[in-house]
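A quick write-up on the structure given underneath.
The values are calculated or read from the model by the stated rules, or taken from the named source; none is laboratory data. Computed from a prediction, not measured in an experiment: that's the story for all the values here. We place every Cβ from the backbone using ideal geometry, glycine too, and count neighbours over all the protein chains shown. Areas reflect the complete protein model, heavy atoms only, side chains present, ligands, DNA and RNA absent. Shrake-Rupley method; radii C 1.70, N 1.55, O 1.52, S 1.80 Å.
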Amino acid sequence: NDIDMQTKDLEIYYGKNLAMHHADIQFKKNTITALIGPSGSGKSTFLRSLNRMNDDVATVKGEILYKGVNINQPGIDVYEVRRRIGMVFQRPNPFAKSIYDNVTFALQRRGIHDKKVLDEVVETTLKQAAVWDQVKDSLHKSAQSLSGGQAQRVCIARALAVKPDVLLLDEPASALDPVSTSQLEQTLRELKPNYTIIIVTHNMQQAARLSDYTVFFNLGEAIEYNKTRKIFTRP
Ligand code: ADP
Ligand code: ADP
């Protein structure tokens, strides 16, 4: 089965406001899916619900299947869900800590302090995020002193450190310059063989360049969902 995640009849409310109508979307392994649509159409709402990040503010009804298991039900360990389904935000949000401590934060919180293990994770994930060469000599400098593009890569490494298999990205390039943006897109292409990637973007060209599947949202509804090349090449 190559379906990694799937929503079934997903409905999301903020109070009484229905922000997402019954969305039925499938996410295949080792693909990039772009979530596009106008501002306020529900892209972030949908994305954040996928790893239960919306629980405090929204009511989420319906099923969210992760490897066949409905993770939107009582008794599910949401911390484990968020470990498996990582999130990268719109604005790079490194903690006021060193680069090293940013990347290893979640592991240290879990009581992993073996320097060899942590060193290995730092090197591997910063390489995956394609920022190792730039920061390898300054791992103990504050991550908040980095440029936006580098900080965003450190945030990607931080997300990868706990070995998720789904990566959610909420407009990860919108605060970046064009060069950093295309580097970030290249990094996501390189991650694709090992992850299921779901990315919110308001940039149609980015969706067309980067994604295998596209979901088009409008007014809280997934109005179109198809292979990207079918959506972007009309007869
Ligand atoms: P998009 O990501 O496409 O810009 P959002 O998911 O942010 O759209 O927003 C969809 C709708 O839900 C909007 O009407 C927005 O105002 C509303 N909304 C988003 N977050 C909240 C929230 N925390 N509380 C109440 N309403 C929200
Ligand atoms: P974006 O659409 O780029 O995610 P927004 O400015 O819509 O950014 O949302 C920023 C934050 O405000 C998010 O956490 C979102 O959930 C929240 N938010 C958005 N709309 C509302 C709303 N109508 N009421 C309360 N919170 C909202």
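Say whether the condition of being in a helix (DSSP H, G or I), at pLDDT below 95, under 26 Å from Glu224 (Cβ atoms) and open to solvent by 10 Å² or more (accessible area, probe 1.4 Å) is met by at least one residue in the stretch 184-205. Yes, because at least one residue in the stretch 184-205 is in a helix (DSSP H, G or I), at pLDDT below 95, under 26 Å from Glu224 (Cβ atoms) and open to solvent by 10 Å² or more (accessible area, probe 1.4 Å).
If only residues of the stretch 77-104 that are hydrophobic (A, V, I, L, M, F, W, C) and surrounded by fewer than 16 Cβ atoms within 10 Å (Cβ to Cβ) are counted, the one that is nearest to Thr124 (Cα to Cα) is Phe95.
Just one of (1) more than 12 Å from ligand 2 (Cβ to nearest atom); (2) more than 27 Å from Leu210 (Cβ to Cβ); (3) outside any strand (DSSP E or B) fails for Glu63. It is (3).
Listed here are the residues, each with its yes/no results for (1) within 16 Å of ligand 2 (Cβ to nearest atom); (2) more than 16 Å from Ile25 (Cβ to Cβ); (3) not hydroxyl-bearing (Ser, Thr, Tyr).
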residue	(1), (2), (3)
Leu146	no, yes, yes
Gln152	yes, yes, yes
Gln206	yes, yes, yes
Ile223	no, no, yes
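Mind listing just one residue for me: the one in the stretch 206-221 that is aromatic (Phe, Trp, Tyr) and touching a Gly at 6+ places or on another chain (Cβ under 9 Å) and, of those, most open to solvent (accessible area, probe 1.4 Å)? In this case the residue turns out to be Phe216. Leu168 - would you say it is within 16 Å of ligand 2 (Cβ to nearest atom) and surrounded by 22 or more Cβ atoms within 10 Å (Cβ to Cβ)? Yes; evaluated as a whole, the condition is true for this residue. Scanning the stretch 14-41 for residues that are farther than 14 Å from Thr201 by Cβ and either open to solvent by less than 50 Å² (accessible area, probe 1.4 Å) or near ligand 1 (Cβ under 8 Å from one of its atoms) (or both) gives Tyr14, Gly15, Asn17, Ala19, Met20, Ala23, Ile25, Phe27, Thr31, Gly40. Taken together, the residues in the stretch 143-170 that are of a type outside the set (Val, Ile, Thr) and touching a Ser or Thr at 6+ places or on another chain (Cβ under 6 Å) amount to 5. When Ile199, Ile156 are checked against the criterion of being within 16 Å of ligand 2 (Cβ to nearest atom), in contact (Cβ under 8 Å) with a residue 40 or more places away in the chain and out of contact with any Lys or Arg (no Cβ under 9 Å at 6 or more places or on another chain), a single residue qualifies: Ile199. Note on the stretch 96-110: residues that are modelled with pLDDT under 95 and outside any helix (DSSP H, G or I) amount to 1. Taking the numbered list (1) surrounded by 15 or more Cβ atoms within 10 Å (Cβ to Cβ); (2) at pLDDT below 95; (3) β-branched (Val, Ile, Thr) in turn, Val179 passes all entries but (1).
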